[in-house]
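Here is the structure we will look at.
The values are calculated or read from the model by the stated rules, or taken from the named source; none is laboratory data. Note that the structure is predicted; figures quoted are calculated from it, not measured. Here the Cβ positions follow ideal geometry from the backbone for every residue, glycine too, while neighbour counts run over all protein chains shown.
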Amino acid sequence: MSIPMRIPEGKIVLTYDDYVELPNDGKRYEILEGELAVTPAPTPKHQNASVNLTAILSQHIKANELGKLYHAPIDLILESTSVLQPDLLFVAKARHNIISGRGIEGAPDLVIEILSPTTTRNDRVNKAQIYARHKVPAYWIVDPEQETVEVYLLSMDGYRLAATLQGETPFSAPPFTELKFAAKDIFI
């Protein structure tokens, strides 16, 4: 169960109902604790990392029948006032009940955000706080500029950095502890 957020008096708070009324104009809209966030299209480096990481994870997930991997745009509805579109998210097979006709309704097992110059603060601070509050167990931040993968795991007081991965050394990270790949494979 999530901890309710506090909303200052007099502040306009958007909900999922407002979100579905937004125009289908190609922009990427999210509602972060009742506030509208709009981001431009991802950069080529961002898209390259997304495609490569999707290929690596998809193959492993399908081969082992672990669950479902989704990529943006997909609605992650954590509460009526927090509708996000992470770059990638994974829902384990045992938790498919959170997959609905509207999107993913509840905390997935993993969220991956790929940094862009315009999203860094939201990904590192605002979204991280929302994901932690809703108990997403694993959160990866992929930085195409630094060519790193930061693996965060949920603890009692939010996320703690479990590893920063870079280069050619193969690694594994929750929830895919049996999958080994190198950070460089994401950025080729």
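Residues in the stretch 49-100 that are among the basic types (Lys, Arg) and surrounded by 16 or more Cβ atoms within 10 Å (Cβ to Cβ): 68, 95.
Residue count for the stretch 23-34, restricted to those that are exposed (fewer than 15 other Cβ atoms within 10 Å of the Cβ) and of a type outside the set (Gly, Ala, Ser): 5. Looking for whichever is modelled with pLDDT of 95 or more and at negative phi here; the options are 113, 147. Which one fits? On inspection, the qualifying residue turns out to be 113.
For the stretch 59-70, the condition of being aliphatic (A, V, I, L, M), more than 19 Å from residue 133 (Cβ to Cβ) and touching a helix residue (DSSP H, G or I) at 6+ places or on another chain (Cβ under 8 Å) holds for at least one residue.
Scanning the stretch 103-137 for residues that are surrounded by fewer than 20 Cβ atoms within 10 Å (Cβ to Cβ), farther than 19 Å from residue 159 by Cα, free of Cβ contacts under 8 Å to residues at least 60 places away in the same chain and not small (Gly, Ala, Ser) returns a single hit, 105.
Taking the stretch 176-188 as the range and being in a loop (DSSP other than H, G, I, E, B) and either among the hydroxyl-bearing types (Ser, Thr, Tyr) or surrounded by 13 or more Cβ atoms within 10 Å (Cβ to Cβ) (or both) as the test, only 187 passes.
Comparison of 82, 58, 116, 50 shows that the only residue that is within 17 Å of residue 14 (Cα to Cα) and within 16 Å of the chain's Cα centre (by Cα) is 82.
Could you tell me whether residue 24 is among the polar types (S, T, N, Q), at pLDDT 95 or above and over 16 Å from the mean Cα position of the chain (by Cα)?
So residue 24 fails the test.
Filtering the stretch 170-185 to residues that are aliphatic (A, V, I, L, M) and in contact with an Asp or Glu (Cβ under 8 Å, 6 or more places away or on another chain) leaves 182, 183. Criterion applied to 83, 136, 149, 111 was being in contact with a strand residue (DSSP E or B) (Cβ under 7 Å, 6 or more places away or on another chain), over 24 Å from residue 43 (Cα atoms) and not charged (D, E, K, R), and the one residue passing it is 136. Among the residues of the stretch 143-164, is there at least one that is out of contact with any His (no Cβ under 9 Å at 6 or more places or on another chain), within 19 Å of residue 15 (Cα to Cα) and either among the basic types (Lys, Arg) or free of Cβ contacts under 8 Å to residues at least 40 places away in the same chain (or both)? Checked against the condition, which is being out of contact with any His (no Cβ under 9 Å at 6 or more places or on another chain), within 19 Å of residue 15 (Cα to Cα) and either among the basic types (Lys, Arg) or free of Cβ contacts under 8 Å to residues at least 40 places away in the same chain (or both), the stretch 143-164 yields no hits at all.
Go through 22, 89 for me and flag whichever is over 24 Å from residue 182 (Cβ atoms) and in contact with a strand residue (DSSP E or B) (Cβ under 8 Å, 6 or more places away or on another chain).
Details: 89 fails: over 24 Å from residue 182 (Cβ atoms).
After applying the criteria, what remains is 22.
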